[in-house]
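Asks: If you scroll down you'll find the structure; I have some questions about it.
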Amino acid sequence: MPSKPAHDIIFYSFPTSGHAHRVELMLRAMELPFKRIDVDLGAKVQKQADFIALNPFGQVPVIDDNGTVIWDSTAILMYLALTYGDDTYLPREPKAMAEIVAWLGKASGPIMFGPALARRINVLNNNASKASSHAVAADLLDVMNARLTKQKWLVGGRATIADMAMYAYIAHAPEGDIDLEPYRHVTAWLDRIENLPFFVPMPRTPVGLWA
């Protein structure tokens, strides 16, 4: 197994970013040393030249691993697993890895246009279509609920980066007025993640069903 870094990985974050939360779960799961820097998104620090030099899209999360800068949450998960991990969180067996990559695609697609968008509408008073985001979320949750009737985790017999990538915006779907109660296998899966020894919660925002 690759050794852990002797230095702190600099982790640019924001407390209520589900993208950043994925990365923090991974850093903690792998017991990697890191220094978290919360970026003031309200002040548009992420759009200033110094930060744009780290991520041209001006978004969190970003990590700086002793000069190696990686942006995009799913890319960071892959990088950490491949650089410092064995196959615990990213199996190297081709079929399992392909399944994980497929779920990472869902984390960047239906998650973003479903529960994450519904939440964003409420948190930021966005004018996007909540009905459309709820429809996308329902389709996603139906598939996940069916899959989780047969297994405890999204891929294989243990938590992987697929579970970490999908967790935050589903757990916080009620902030977008999405009721998780009908999806009991999904809520059981959320409970399993929250009972992992390295888990830390993302702060709730008092909007939607959690207002």
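The values are calculated or read from the model by the stated rules, or taken from the named source; none is laboratory data. Small disclaimer: the values here were computed from a predicted structure and weren't measured. For neighbour counting, all protein chains shown are included, and Cβ atoms are generated from backbone atoms with ideal geometry for every residue, glycine included. For accessibility, only protein heavy atoms count, side chains too; no ligands or nucleic acids. Shrake-Rupley method; radii C 1.70, N 1.55, O 1.52, S 1.80 Å.
Asks: Report the full-extension gain for the segment A75 to T16: residue separation times 0.36 nm, less the Cα-Cα distance, to one decimal in nm. Walk me through the numbers before you get to the answer.
Replies: Working: separation 59, 0.36 × 59 = 21.24 nm, distance 1.94 nm.
Working it through step by step, the gained length comes to 19.3 nm.
Asks: Same structure, new question: Long-range amide H contacts for I37: which residues qualify at under 5 Å (H placed 1.01 Å from N, peptide plane, sequence gap of 5 or more or a different chain)?
Replies: Amide H neighbours of I37: F11, Y12, S13.
Asks: Continuing with this model, one more query. If the convex hull of the alpha-carbon atoms of region 65-124 is projected onto planes in all directions, what is the mean projected area in square nanometres?
Replies: Numbers: hull surface 21.6 nm².
Value for region 65-124: 5.4 nm².
Asks: In vacuo Debye scattering of region 1-123, one point per C-alpha: log10 I(q)/I(0) at q = 0.17, 0.20 Å⁻¹?
Replies: Each listed q maps to, in turn, -0.93, -1.21.
Asks: Compute the Cα gyration tensor for region 44-88, then decide on rounded, prolate or oblate, letting a ≥ b ≥ c be the square roots of its eigenvalues: rounded whenever a/c is under 1.5, prolate when a/b is larger than b/c in the other cases, and oblate in all that remain.
Replies: Values: a/c = 4.06, a/b = 2.35, b/c = 1.72.
Here region 44-88 falls in the prolate category.
Asks: Taking springs between alpha-carbon atoms closer than 10 angstrom, which of A75, A43, A162 fluctuates most in the Gaussian network model of the chain?
Replies: Fluctuation is largest for A43.
Asks: Whole-Hz Karplus ³J(HN,Hα) for region 107-118, in order, using 6.51 cos²θ - 1.76 cosθ + 1.60 and θ = phi - 60°, x for Gly and Pro?
Replies: Karplus-based 3J(HN,Hα) across region 107-118 equals 5, 9, x, x, 4, 6, 8, x, x, 5, 5, 4 Hz.
Asks: Can you give the accessible area per residue of the chain, in Å², using a 1.4 Å probe? Before the final figure, lay out each step's value.
Replies: Numbers: 10040 Å² over 211 residues.
Spelled out: the 1.4 Å probe surface of the chain, per residue, equals 48 Å².
Asks: Would you kindly state how much longer the chain becomes between A53 and A102 on full extension, computed as 0.36 nm times their sequence separation minus their alpha carbon distance, in nm to one decimal?
Replies: Working: separation 49, 0.36 × 49 = 17.64 nm, distance 2.96 nm.
Separation in residues times 0.36 nm, less the Cα-Cα distance, equals 14.7 nm.
Asks: Using the beta-carbon distance between K95 and S132 and R0 = 41 Å, what value does 1/(1 + (r/R0)^6) give for FRET efficiency, to the nearest 0.05? Each step should come with its number before you reach the end.
Replies: Numbers: r = 33 Å, r/R0 = 0.81.
Approximately 0.80, to the nearest 0.05.
Asks: Report E181's accessible area, 1.4 Å probe, all protein chains in place, as a number in Å² to the nearest 10.
Replies: We get 140 Å² for E181.
Asks: Could you rank S3, S73, S108 by how accessible they are, 1.4 Å probe, largest area first?
Replies: On the way: S3 90, S73 5, S108 65 Å².
Descending accessible area places them as S3, S108, S73.
Asks: Farthest toward the dipole's positive end in the chain, which of M112, A49, T68, given Cβ charges of +1 (Lys, Arg) and -1 (Asp, Glu) about the Cα centre?
Replies: M112
Asks: Using a Gaussian network for the chain with springs between C-alpha atoms less than 10 Å apart, which of these wobbles most: G176, G156, G114?
Replies: Residue with maximal mean-square fluctuation among G176, G156, G114: G156.
Asks: HN-Hα J couplings of region 203-211 from phi, Karplus 6.51/-1.76/1.60, θ = phi - 60°, integer Hz, Gly and Pro as x?
Replies: x, 6, 10, x, 9, x, 6, 9, 5
Asks: Continuing with the same structure: Where does the chain land at 222 nm, in deg cm²/dmol rounded to the nearest 500, when only DSSP H runs of n ≥ 4 count, each adding -39500 (n - 2.57), divided by all residues? All intermediate terms of the calculation are to be shown ahead of the outcome.
Replies: On the way: 9 runs with 97 residues, N = 211.
Only helices count here, giving -14000 deg cm²/dmol.
Asks: Separation of region 1-20 and region 137-201 by C-alpha centroid, Å?
Replies: For region 1-20 versus region 137-201, the Cα centre distance is 22 Å.
Asks: State to the nearest 20 debye the size of the charge dipole of region 1-130 about its Cα centre, where the only charges are +1 on K and R beta carbons and -1 on D and E beta carbons. If you can, show how the numbers build up before the last one.
Replies: Numbers: 13 positive and 13 negative charges, 112 e Å.
I would put it at about 540 debye.
Asks: Further, regarding this structure: Which one of I52, I193, I70 has the biggest mean-square fluctuation once the chain is modelled by GNM with Cα springs under 10 Å?
Replies: I52
Asks: I've got another one for you. Can you compute log10 of I(q)/I(0) for the chain with the Debye formula, treating each Cα as one identical point scatterer, at q = 0.12, 0.19 Å⁻¹?
Replies: Values returned for q = 0.12, 0.19 Å⁻¹ are -0.62, -1.49.
Asks: Toward the positive end of the charge dipole of the chain, about the Cα centre and with charges on Cβ (Lys, Arg +1; Asp, Glu -1), which of S17, H134, V207 goes farthest?
Replies: After comparing all options, I get H134.
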